[in-house]
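Colleague: This is the structure, below, for whatever I ask next.
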Amino acid sequence: MPARRQKKITISILVPFLVFTLFFSIMIWQKYRSSQEVPVAPPQQNAKGYRSVTLFFAEDGTHLAREAREIGNCDDDNACLKSVLHELLNGPVGELEGTLPDGAAVNTARIEGTQATIDFNRTFSDAMLSGSSAEMLAVYSVVDTVAVNFPQVQTVKLDVDGNSGVILHHLDLSEPLPPDYSLEQPPPSEPEDSSTGPVNDRKEGVTR
C-alpha cells in the first residue's frame, strides 16, 4: 500500500477518534465542575420563627407603658396587624394592666397607604370602662401599638361593627387618629394642699 494512501486512512480514523475524545473530555470536565459548585441556598425566614413587636398597656391606671411580645412570622402587613391586635386583646403578661374590655374582638383590620383601619365588634364600645381616662388609654393603646409596629402608618381609624362615625362618651372616633406617645408619661401629681397649716398658724397669731 502506498505510504500516502496509508497516511490518509490513518488520518481519517484518527480525526473522528480525536473529536470523540475531546467531546468526552469536555463532558467529564463539565460534570466535575458542576459537582464542585456550591448551590445557592433559597431565602430563609427568621430561623427562630417569630417577630418581635411592642404592645401598649396601662400602668397604674394613669398612663401607657410598653411590653415586648413575640408573634409568629406572617406573610404580609395585614396578617401581622391582625396578629398584633390579637396579642393586645389577650392582655399583658407582666405587671401592666389591660385596656380593652373582655369580649372585644377585631372584625377586620387592614393597612392602606399611611392609614390603618380596624373594625371592632360592639363590645369594644359598649363594655369599655367609663371615664375619659379609661377611654383615652383604651383607644390609644390600640393606636400607638399599631403605629409603633408599622412605621408607615400615620393615622389609625377605629370603627365598630362597620360604623365609621362612632363617638364614645368622651372620645370622637369618627376621624382617623394619629399616635400620641405623650400618654406614656405619668400625669403630674397634684401638689399637696399645705395651706391648712399656715392658715391655722396665722389664725393662731391673730388670736394671740
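None of the figures in this text is laboratory data; all of them are computed from the coordinates on show. It should be emphasised that the depicted structure is a prediction, and the values quoted were computed from it without experimental measurement. So basically every Cβ, Gly included, is an ideal-geometry build from the backbone, and we count neighbours across all protein chains shown.
Colleague: Report the net charge of residues surrounding residue 54, where surrounding means a beta-carbon distance below 13 angstrom and charges are Lys +1, Arg +1, Asp -1, Glu -1.
Modeller: -2
Colleague: Give the residue from 65, 133, 107 lying farthest towards the positive end of the charge dipole for segment 50-180; charges sit on Cβ (+1 for Lys and Arg, -1 for Asp and Glu) and the dipole is referred to the Cα centre.
Modeller: The Cα lying farthest towards the positive end belongs to 107.
Colleague: Please say if segment 50-180 is rounded, prolate or oblate, where rounded means a/c under 1.5 for a ≥ b ≥ c the square roots of the C-alpha gyration tensor eigenvalues, and otherwise the choice is prolate for a/b larger than b/c and oblate otherwise?
Modeller: Oblate, since a/c reaches 1.5 and b/c is not below a/b.
Colleague: Take the Cβ-Cβ distance between residue 170 and residue 79 as r, set R0 to 30 Å, and report the resulting FRET efficiency rounded to the nearest 0.05.
Modeller: The pair residue 170/residue 79 has a calculated efficiency of 0.35.
Colleague: Quick check: residue separation of residue 129 and residue 184 times 0.36 nm, minus the Cα distance between them. What number comes out in nm?
Modeller: 17.9 nm
Colleague: Another one. So if each residue of separation counts as 0.36 nm, and I subtract the Cα-Cα distance between residue 105 and residue 122, what length gain in nm does that give?
Modeller: 5.3 nm
Colleague: Here is a further query. Gain in length, residue 70 to residue 114, computed as 0.36 nm per residue apart minus the alpha-carbon separation, to one decimal in nm? Don't skip to the answer; put the middle values down first.
Modeller: Details: separation 44, 0.36 × 44 = 15.84 nm, distance 2.40 nm.
Stretched out fully, the residue 70 to residue 114 stretch lengthens by 13.4 nm.
Colleague: Can you work out the Karplus-derived ³J(HN,Hα) for every residue in segment 168-174? Use 6.51 cos²θ - 1.76 cosθ + 1.60 with θ = phi - 60°, whole Hz, and x for glycine or proline.
Modeller: My calculation for segment 168-174 gives 6, 4, 10, 10, 9, 9, 6 Hz in order.
Colleague: If you don't mind, there's one more thing I want to ask. Run the quick spin-label model on residue 54 and residue 93: label points 7 Å from Cα toward the beta carbon, then report their separation in nm to one decimal.
Modeller: Between residue 54 and residue 93, the simple spin-label model gives 1.8 nm.
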